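Okay, structure first, notes after.
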Amino acid sequence: MPRNRTGRDQRDSVEGLDLELTLLSRYEVLPGNDRAGRGLLDRSAFLVLSRLEVQQPMSLRELADAFNLDVSTINRQTAALLRQGLVDRIPDPAGGIARKLRPTPDGLAMLARDRAYFQGRLAEVIADWAEDDQRTFLRLLRRFNIDVETSQGTPWPRDGGQSPQQG
């Protein structure tokens, strides 16, 4: 554990972050919690479609690398999306051998619908926050996510498809 502060302060921060991130993962305002009764996309579908929305088309290997998962796991997840008509398999536009996946119009529509739902829920939660607090939280959360992505070698495209290292 880095020691840029006293050992106890760092441990308190890490323990506090661990608790808060654990609690955050259980709330309904985030994509990925049990939402089947609402007809919303499951977590893996939401994430795969979100990635394909900003970086398409992608092969199974590219998706597996992007999510730091086995190809077999991504294959199962994308097979479900193919059956539901949310993604299509297409030839590689660059002429490669591997087939690529891209979201269908229905897939993008469902993603947009779910995203609007979650953004509405988030807006309700932070409605009473000062604008400066909202911007500070966004800045720190983005920084945290980029640092996690960098440590895992899995940058998420931001700002028009650029990875954080590019933009």
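The values are calculated or read from the model by the stated rules, or taken from the named source; none is laboratory data. All values derive from a computational prediction rather than experimental measurement. In this analysis, Cβ positions are derived from the backbone assuming ideal geometry, glycine residues included, and neighbour counts consider all displayed protein chains. These area figures cover heavy atoms from the full protein model, side chains too; ligands, DNA and RNA do not enter into them. Shrake-Rupley method; radii C 1.70, N 1.55, O 1.52, S 1.80 Å.
Within the bounds of the range 23-46, is there any residue that is open to solvent by 60 Å² or more (accessible area, probe 1.4 Å) and either within 19 Å of Ile146 (Cα to Cα) or modelled with pLDDT of 90 or more (or both)? So far as the range 23-46 goes, yes, one or more of its residues are open to solvent by 60 Å² or more (accessible area, probe 1.4 Å) and either within 19 Å of Ile146 (Cα to Cα) or modelled with pLDDT of 90 or more (or both).
Only one of Arg121, Arg102, Arg61 is of a type in the set (D, E, K, R), part of a helix (DSSP H, G or I) and modelled with pLDDT of 90 or more. Can you tell me which? Going through Arg121, Arg102, Arg61 in turn, just one is of a type in the set (D, E, K, R), part of a helix (DSSP H, G or I) and modelled with pLDDT of 90 or more: Arg61.
If you go through the range 90-117 and keep only what is within 20 Å of Asp42 (Cβ to Cβ) and open to solvent by less than 40 Å² (accessible area, probe 1.4 Å), you end up with Leu101, Pro103, Thr104, Gly107, Leu111, Asp114.
Note on the range 58-87: residues that are open to solvent by 40 Å² or more (accessible area, probe 1.4 Å), without any contact (Cβ under 8 Å) to a residue 60 or more places away in the chain and more than 17 Å from Leu41 (Cβ to Cβ) total 7.
Contact annotation: residue pairs with Cβ atoms under 9 Å, 6 or more positions apart or on different chains, pairing a residue in the range 115-136 that is within 17 Å of Tyr27 (Cβ to Cβ) with a partner that is open to solvent by less than 80 Å² (accessible area, probe 1.4 Å) and basic (Lys, Arg), are Tyr117/Arg35. Taking the stated definitions as given, is Glu149 open to solvent by less than 50 Å² (accessible area, probe 1.4 Å), among the acidic types (Asp, Glu), on the phi < 0 side of the Ramachandran plot and out of contact with any His (no Cβ under 8 Å at 6 or more places or on another chain)? Criteria met by Glu149.
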